[in-house]
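Inspection log for the structure reproduced underneath, given as structure tokens.
Read-outs: derived from the displayed coordinates by stated rules, not from any lab. Predicted model only: the values in this text are computed from it and were never measured. No Cβ is skipped: glycine too gets one built from the backbone with ideal geometry, and neighbour counts run over all protein chains shown.
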């Protein structure tokens, strides 16, 4: 029995090392076209988890919202699985449906500003955005965050200067995972969806990007191309 268990452990370790050193690179070679069918004209980014290291801040915000409007504690695991990356309106419908959305929205914005100090920029984001800007490639920011919070956060991180277009969750009727925010960004940039790369970090981003017809780069999540740090994006431009 111990020999079988040992073999399983060794086999599992081998597969893990294979993926780390070879598998992901091979996946990218297989699924990333060596030549794009269309010229790359723009890169569209999600905000939370891609540009902003905002998980802890957003968890703090929704933890307080849950206590106020649902009289309950919200675990970090539940937040990550069911709320992170989703729109505020959809989350409000799922968790705070007994309350008027405007009341939830006002408290959401107040808490977001209050917890701004918990917000950080993702490692390498500033340098990556600067290098893309130097190449004169258009950039847009697309987020499910409401306009007030998004403006507050981009100002706090000093990243708004990089983007030609910024689309917030309340700029469209249907937020991600619907493609509407990405399509609106493309319209504003005057590019077609197949002329952009969309970079996201959640299942909602992947669904929205594919529905829009974009090439999706997944930052530690599903995508046409997988990357584990934002600076890897520079290999594509």
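From the alpha carbon centroid of region 35-85 to that of region 168-182 is 15 Å. Using a cutoff of 8 angstrom between alpha carbon atoms and counting only pairs six or more residues apart, the relative contact order for region 55-118 works out to 46 percent.
Which order results if 206, 198 are arranged by neighbouring Cβ count within 10 Å, fewest first? Walk me through the numbers on the way to the answer.
Numbers: 206 21, 198 30.
Ascending Cβ contact count within 10 Å gives the list 206, 198.
Convex hull volume of the Cα atoms of region 55-118, normalised per residue: 72 Å³.
Could you work out how much longer the chain between residue 114 and residue 174 gets when fully extended? Use 0.36 nm per residue separation minus the Cα distance between them, nm to one decimal.
Numbers: separation 60, 0.36 × 60 = 21.60 nm, distance 2.73 nm.
Using 0.36 nm per residue and subtracting the Cα-Cα distance, I get 18.9 nm.
With 0.36 nm allotted per residue and the present C-alpha distance subtracted, the residue 38-residue 131 stretch has 31.3 nm of extension available.
The alpha carbons of region 97-218 occupy a box of 43, 29, 23 Å along the principal axes, longest dimension given first.
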